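Peer 1: Have a look at this one before I ask anything.
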Amino acid sequence: MKMLSRRRQSLVAALLGALSLACPWGAQAQSSYPDKPMRFVVPYPPGGGTDVIARIVQNRLSAALGQNVLIDNKGGAGGSLGSELVAKAAPDGYTVLFTLSSHTINPAIYPKLSFDTIKDFEPVGTVASLPQILVANNALPVRNVAELIALAKAKPDSLSFASVGNGSPGHLAGELFNLRTNTQITHIPYRGGGPAVTDLIGGQVQLLWVSIPAAAQFVKAGKVKALAVSTLKRSTAFPDVPTMHEAGLTDFEVDSWYAMLVPAKTPRPIIDKLNRALNTVLAEAPIRSQLLEQGSEAVGGTPEALGKVIAAEIPKWNKLVKDAKIKAD
């Protein structure tokens with residue numbers, strides 16, 4: 001084989017050098033990722049549904065990735081404060097957003113967000129899906145949805161429902177309930193599911209729409225009572241709790257999900273490595289069982305599948321926000 005001429009060798013070297021400058025994440029960097037601990041930003045306080053689900057997969061993701069996964073709770077503004085932090089982070093795969101489906105609701109609630117829900121993030125994968133659950137303070141004199149509607153109409157503006165914040169799936173479920181039943185139950189936004197459940201038990205609010213993981217242990221312990229779930233099928237965790245459809249609201253459905261996203265421009269090999277780790281963890285029977293105990297079902301799948309869900313939900317929630325005249329508090 002003929003040796004390359006010095007001129008050709010110089011041209012090849014120059015080309016490789018230019019490529020390395022244009023692509024700071026070269027093959028070597030991509031193959032060594034991750035080589036330091038990773039921060040998973042949960043945009044809600046500890047104890048809420050998103051935090052519970054994140055901590056279920058935390059250790060197994062650490063094992064699958066070969067690095068510690070550190071959870072950083074950054075609550076506020078319906079999850080948008082933590083999302084903003086990730087949107088502005090370096091696109092190197094070391095800052096990951098572990099969020100709730102409020103991610104697709106917030107653009108309608110907060111029209112002046114400092115980030116673009118689609119353009120500033122790259123989807124990694126869907127972790128789990130689950131219904132919202134309507135739970136009540138034990139002292140509230142209702143046993144089911146029909147009795148709640150009757151009480152709300154008999155005493156207008158006397159009841160309040162909590163959620164994990166403006167733009168959360170629970171917030172929209174509560175407003176959709178008002179819209180479909182012609183009631184006026186006042187929304188009280190909280191910074192997360194943990195504080196909201198605490199105040200529900202204490203009687204500061206009478207009702208709470210929240211993801212099942214945030215309320216599961218309290219329902220099972222009899223500290224609050226479950227009235228209905230927001231999906232078309234019953235929850236595997238609470239098979240005795242009826243759906244809103246079964247309670248008579250046939251046009252009522254609010255699904256929610258948990259997912260992982262990274263800042264825009266994160267290299268595709270990094271996204272693929274995170275996605276493979278996530279799918280590996282979600283295939284483990286103990287993890288699937290723990291998720292089911294919290295009323296959620298493991299999903300997994302591709303980044304593209306999550307991207308399609310996000311793109312489809314934004315106009316859907318935007319319409320509901322307009323129809324229900326929901327405003328940021």
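Every number in this text was worked out from the coordinates using simple rules, so none of it is lab data. Quantities reported herein were computed from a predicted structural model and do not represent experimental measurements. Here the Cβ positions follow ideal geometry from the backbone for every residue, glycine too, while neighbour counts run over all protein chains shown.
Peer 1: Based on the Cβ-Cβ distance from L232 to D272, what FRET efficiency comes out when R0 is 30 Å, to the nearest 0.05?
Peer 2: After rounding to 0.05, the efficiency reads 0.35.
Peer 1: To the nearest 10 degrees, how steeply does helix 145-154 sit against the main Cα axis of the chain, on a 0 to 90 scale?
Peer 2: Once rounded, the angle reads 60 degrees.
Peer 1: At most 13 other Cβ atoms within 10 Å and a DSSP loop assignment: could you name the trypsin sites (Lys or Arg not before Pro) in region 300-329 that fit?
Peer 2: K325, K327
Peer 1: Distance in nm between label sites at K155 and S114, each 7 Å beyond Cα in the beta-carbon direction?
Peer 2: So the two model labels end up 4.2 nm from each other.
Peer 1: Hey, what angle do you get for helix 49-65 against the long axis of the chain, alpha-carbon based, 0 to 90 degrees rounded to 10?
Peer 2: 30
Peer 1: Could you tell me which of the pairs K74/K319; K220/K308; K36/K233 are separated by over 32 angstrom between their Cα atoms in the structure shown?
Peer 2: Long pairs (Cα-Cα over 32 Å): K220/K308; K36/K233.
Peer 1: Among (i) 0.98; (ii) 1.08; (iii) 0.93, find the value of Rg/Rh (Cα atoms, Kirkwood Rh) that was calculated from the structure presented, and write down its label.
Peer 2: So the structure-derived entry is (ii).
Peer 1: Next question. For A139 and K322 in one chain, what is 0.36 nm times their gap in residues minus the Cα-Cα distance, to one decimal in nm?
Peer 2: Value of the extension gain: 62.5 nm.
Peer 1: Would you calculate a helix-derived [θ] at 222 nm for the chain, using -39,500 (n - 2.57) for each DSSP H run of n ≥ 4 and dividing by the full residue count, to the nearest 500?
Peer 2: Taking each H run of at least 4 residues, the total per residue is -13000 deg cm²/dmol.
Peer 1: I've got another one for you. Going by amide H atoms built from the backbone, whose H comes under 5 Å of the H on N68, apart from near neighbours?
Peer 2: The answer is M38.
Peer 1: Tell me, what is the percent relative contact order of the chain, built from C-alpha pairs under 8 Å that lie six or more residues apart?
Peer 2: 26
Peer 1: Between I212, I133, I287, which gets the highest mean-square fluctuation from a Gaussian network model of the chain, Cα cutoff 10 Å?
Peer 2: Between I212, I133, I287, it is I287 that shows the largest mean-square fluctuation.
Peer 1: Further question: Search the structure for amide H atoms under 5 Å from the amide H of V210, placed 1.01 Å from N in the peptide plane, and list their residues when 5 or more places away or on another chain.
Peer 2: The answer is I133, V135.
Peer 1: Using per-residue counts of other Cβ atoms within 10 Å, averaged over each peptide, order 188-195, 170-177, 275-282 from highest down.
Peer 2: Most protected by this proxy first, the peptides run 170-177, 188-195, 275-282.
Peer 1: Take A285 and A312, extend 7 Å from each Cα along the Cα→Cβ direction, and tell me the distance between the two endpoints in nm.
Peer 2: 3.2
Peer 1: Count the net charge of all other residues whose Cβ sits under 12 Å from the Cβ of A64, scoring Lys and Arg as +1 and Asp and Glu as -1.
Peer 2: After counting each charged neighbour, the total is +2.
Peer 1: If the cut-off is a Cα-Cα distance under 20 Å, which aspartates and glutamates reach K119, setting aside same-chain residues fewer than 8 apart in sequence?
Peer 2: Candidates past the 8-residue exclusion: E84, D92, D272, E304, E313.
Peer 1: While we're on this one: Using each residue's phi in region 301-314, evaluate 6.51 cos²θ - 1.76 cosθ + 1.60 at θ = phi - 60° and report the 3J(HN,Hα) Karplus result to the nearest Hz, with x for Gly and Pro.
Peer 2: x, 8, x, 5, 5, 5, x, 5, 4, 4, 5, 6, 7, 4
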